[in-house]
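Encoded as structure tokens, the structure appears first; notes follow it.
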Amino acid sequence: MRAAERVSENIGIAIDTLRVSKLRSGLTILGVVIGVATVMAMAAIVQGVRQQIVHTIEIAGPTTFYVTRSATPVNPGNPPPEIRDRPEITADEADRVRLLPDIAYAGIWGQAQARMDYQGTRTQQVAIFGADNRFTDIQGGDLSEGRWFTHPELVSGSAVAVIDQDVAHTLFGRVDPLGKVVGIGGRAARVIGVYVAPGNIFSPPGQSTGAIVPYAMLDHQLPFDRTNALWIVVKPRPNVTVADAEEAVMVTLRRMRHLRPSQPNSFDLLTQDQILDTFNKLTGVFFLVMIVLSAVALLVGGIGVMAIMMVSVTDRTREIGVRKALGATRLDILLQFLVEAATLTGIGGLIGILLGLGFGRLATAAMRIEATTPVVYTFVAVVVSVGIGVVFGLLPANRAARLDPVEALRYE
């Protein structure tokens, strides 16, 4: 009980001291604020993006997997030799996979980046998907008006498109887009439907969906990256495991590509778990870099706290002498300055948390993803910021505790 009263009293003294020296206190905690804000902002963004990827995987179904030329992104102009020698994914392969008894759906998809235009109004670069009528089964969302492609349109690659709702608003305003002809990467296509993406689908900045066209149209009319942006989407039947479905697909494709038993696969199979694992690795490295940069800011802030506390001990030498003369022990003085340093950095940590979460919320809102507050990181940030005050405040607090009361009273 006595210890709690001491701490409470010292916190009050610390706050009074900080109130007297607002500018000095503000500059002291600036490094702590920057460090904590950076960590919190990155934690909010990474957690938000991860939640949306997980939700998108849930929409597609946890058993859905993809056949790709390369499981990891490569430079399409100069791919590694092992990727360069691989043949492209083909529509015939998708058709053959679709006929397997273990497979409920298989379709070849591609993605191009292009601008869309209508009567002088243009969009930024948007994603143009070449797919089929099962697009919403994988990506989620729905049509707000119009229809999907007919079988003849899919087979012939007719110049028809289902455009995104936001793109429709940009290009047409209040005008009904159905039946209008838009430009997609310089190619004309008639609008037959309007697509509404789910509000929480993962869509990186600059990669928002602009339109969905028949894959055959994309294949014949639009240039796109056939190494990284061409794949077969595969959904096993409900009673078939991912492993069994992958085995069936692998055997079929190896047979179609005439691969001998000793030869490795000339394609990759990418499962939802692998996608999430790859994302975690990428964001893990990115987050680690942010942690290192934040640690530098926190170190600078800690050194600033130590320097200011040293100055504070010198300025308050006479006060320390008076307290000791009135019976304060070394422990009382040590605790006073430690609590003051911890309070200083704790306040900096709270400000950093608020700024970081605010910036993270703005960033995730701009990316159109929902994010929850990273509670664990918030708790860690508070502990770390207070810990910095204790660690870097120890030296000046110890110096204050060791002052001789007689010498301290003589100090001017």
Q.
How are the alpha carbon pair distances in the stretch 70-266 distributed across 10 Å bins from zero to the largest one, expressed in percent?
A. 8, 32, 34, 19, 6, 1, 0
(Q) Semi-axes of the equivalent ellipsoid for the stretch 86-129, please: Cα gyration tensor eigenvalues, times 5, square-rooted, ordered largest first, whole Å. (A) 34, 12, 7
**Q.** FRET efficiency for Ser262 and Arg330, using Cβ-Cβ distance with R0 set to 56 Å, rounded to 0.05
**A.** 0.15
Q) Per 5 Å bin from zero, what fraction in whole % of the C-alpha pairs of the stretch 294-337 is there, up to the bin with the longest pair? A) 6, 20, 21, 19, 12, 10, 7, 4, 1
Q) Evaluated at 25 °C with a viscosity of 0.890 mPa s, what Stokes-Einstein diffusion coefficient in µm²/s does the stretch 81-169 have when Rh comes from the Kirkwood expression over alpha-carbon pairs? A) 157 µm²/s
Q) Where in the stretch 129-188 are there trypsin sites (Lys or Arg not before Pro) that are in a DSSP coil and have at most 10 other Cβ atoms within 10 angstrom of their Cβ? A) Arg174
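No value in this document is a laboratory result; all are computed from the given coordinates. Since this is a predicted model, take the numbers as computed values, not measurements. With ideal geometry, Cβ positions are generated from the backbone for all residues, glycine too; neighbour counts draw on all protein chains shown.
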